[in-house]
Amino acid sequence: MKKAKKPVWEPGYNGHVYWLGKKKLGKVTRAGKDARHKYTWEAAGRAGAGDDLDKARRAVEAAVAMADKQLDLFG
């Protein structure tokens, strides 16, 4: 019986990437100096911004989890 792989966070120079094996699920990056928020995030066709890294990472995890459970519209 194989164990299901779990996504992992990999830190980088300007942000963090959420991986499942070799598939990129989402990312959190530092916004520019003049940006309104400190971090921006993208995952599963959604995007957002915020000032807290932990909240941005949780938003990516939530978007990925919701996309995984949502039914495919055209399938």
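The values are calculated or read from the model by the stated rules, or taken from the named source; none is laboratory data. Quick caveat, the model's predicted, so the values are computed rather than measured. Note: ideal-geometry Cβ built from the backbone for every residue, glycine included; neighbour counts use all protein chains shown. The accessibility values were calculated without ligands, DNA or RNA, using every heavy atom of the protein model including side chains. Shrake-Rupley method; radii C 1.70, N 1.55, O 1.52, S 1.80 Å.
Pairs LYS38/LYS69; LYS2/LYS38; LYS22/LYS55; LYS5/LYS55; LYS2/LYS69: which exceed 32 Å Cα-Cα? Over 32 Å apart, Cα to Cα: LYS2/LYS38. Averaged per residue, the chain has 85 square angstrom of accessible surface, using a 1.4 angstrom probe with ligands and nucleic acids left out.
Just the number, please: carbon plus sulfur as a percent of the accessible area of the chain, 1.4 Å probe, no ligands or DNA/RNA counted. For the chain, the apolar C and S fraction of the accessible surface comes to 52 percent.
Distance between the pseudo-spin-label points of ARG36 and ALA62 (7 Å out from Cα toward the beta carbon): 1.8 nm. The C-alpha atoms of the chain define a longest principal axis, and helix 53-69 lies at about 30 degrees to it.
Other residues within the sphere of radius under 11 Å centred on the Cβ of LYS55, judged by their own Cβ, net out at -1 (K and R +1, D and E -1).
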